[in-house]
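*Asks:* Please find one structure pasted underneath; my questions will follow.
The values are calculated or read from the model by the stated rules, or taken from the named source; none is laboratory data. From a predicted model like this one, the values you see are computed outputs, not experimental measurements. Methodologically, a virtual Cβ is constructed for each residue, glycine included, from the backbone with ideal geometry; neighbour enumeration extends over all protein chains shown. Note: areas computed on protein heavy atoms with side chains; ligands, DNA, RNA excluded. Shrake-Rupley method; radii C 1.70, N 1.55, O 1.52, S 1.80 Å.
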Amino acid sequence: QVQLVESGGGLVQPGGSLRLSCAASGSIFSIYAMGWYRQTPGKQRELVAAITNNGRINYAESVKGRFTISRENGKNTVYLQMNSLKTEDTAVYYCDLLRGGTVYWGQGTQVTVSS
């Protein structure tokens, strides 16, 4: 069993920054990748950023140059630094972990970008 606990969401003005954290615990051996997705009402969950065990990183086009994903392996924690936030970044952000062909999800954290 894998548990993912997210933190760091909140309300921020356009142009501001937030840092999301996701801590993994439980059966977290042989992790292949961790990452962040986001979802707004009526839309499918979409990839924001992901990082594999060998450090390969993938970003959605809409966040390139603004968001940075990083991982602290010793703590099995993944971060998402979000800068220059836009109103369209408003969503529930979910952390995910891929291990052994199974995807595990966190509970989600709300990010609202509004003036």
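*Asks:* Mind listing whichever residues of region 61-82 are at positive phi and surrounded by 13 or more Cβ atoms within 10 Å (Cβ to Cβ)?
*Replies:* Asn76 - this is the single residue of region 61-82 that is at positive phi and surrounded by 13 or more Cβ atoms within 10 Å (Cβ to Cβ).
*Asks:* Next question, about the same structure. Does region 1-60 hold any residues that are touching a Leu at 6+ places or on another chain (Cβ under 9 Å), assigned to a loop (DSSP other than H, G, I, E, B) and not aliphatic (A, V, I, L, M), and which are they?
*Replies:* Answer for region 1-60, where residues must be touching a Leu at 6+ places or on another chain (Cβ under 9 Å), assigned to a loop (DSSP other than H, G, I, E, B) and not aliphatic (A, V, I, L, M): Gly8, Gly9, Gln13, Pro14, Gly15, Gly16, Ser17.
*Asks:* Only one of (1) within 19 Å of Gly9 (Cβ to Cβ); (2) open to solvent by 60 Å² or more (accessible area, probe 1.4 Å); (3) outside any strand (DSSP E or B) is not met by Leu85, so which one is it?
*Replies:* It fails just one condition, (2).
*Asks:* State the number of residues belonging to region 17-33 that are modelled with pLDDT of 95 or more and crowded, with 20+ Cβ neighbours inside 10 Å.
*Replies:* Going through region 17-33 one residue at a time, the tally reaches 3.
*Asks:* Could you identify the single residue in Val5, Val48 that is hydrophobic (A, V, I, L, M, F, W, C), open to solvent by 80 Å² or more (accessible area, probe 1.4 Å) and in contact with a Gly (Cβ under 9 Å, 6 or more places away or on another chain)?
*Replies:* Details: Val48 fails: open to solvent by 80 Å² or more (accessible area, probe 1.4 Å).
So the residue among Val5, Val48 that is hydrophobic (A, V, I, L, M, F, W, C), open to solvent by 80 Å² or more (accessible area, probe 1.4 Å) and in contact with a Gly (Cβ under 9 Å, 6 or more places away or on another chain) is Val5.
*Asks:* So is Asn58 out of contact with any strand residue (DSSP E or B) (no Cβ under 9 Å at 6 or more places or on another chain), open to solvent by 50 Å² or more (accessible area, probe 1.4 Å) and free of Cβ contacts under 8 Å to residues at least 24 places away in the same chain or not?
*Replies:* It is false that Asn58 is out of contact with any strand residue (DSSP E or B) (no Cβ under 9 Å at 6 or more places or on another chain), open to solvent by 50 Å² or more (accessible area, probe 1.4 Å) and free of Cβ contacts under 8 Å to residues at least 24 places away in the same chain.
*Asks:* Is it the case that Ala91 is under 12 Å from the mean Cα position of the chain (by Cα), hydrophobic (A, V, I, L, M, F, W, C) and farther than 21 Å from Leu11 by Cα?
*Replies:* It is false that Ala91 is under 12 Å from the mean Cα position of the chain (by Cα), hydrophobic (A, V, I, L, M, F, W, C) and farther than 21 Å from Leu11 by Cα.
*Asks:* Just for region 24-46: of the residues that are under 11 Å from the mean Cα position of the chain (by Cα) and among the hydrophobic types (A, V, I, L, M, F, W, C), which one is farthest from Ala60 (Cα to Cα)?
*Replies:* Selected residue: Met34.
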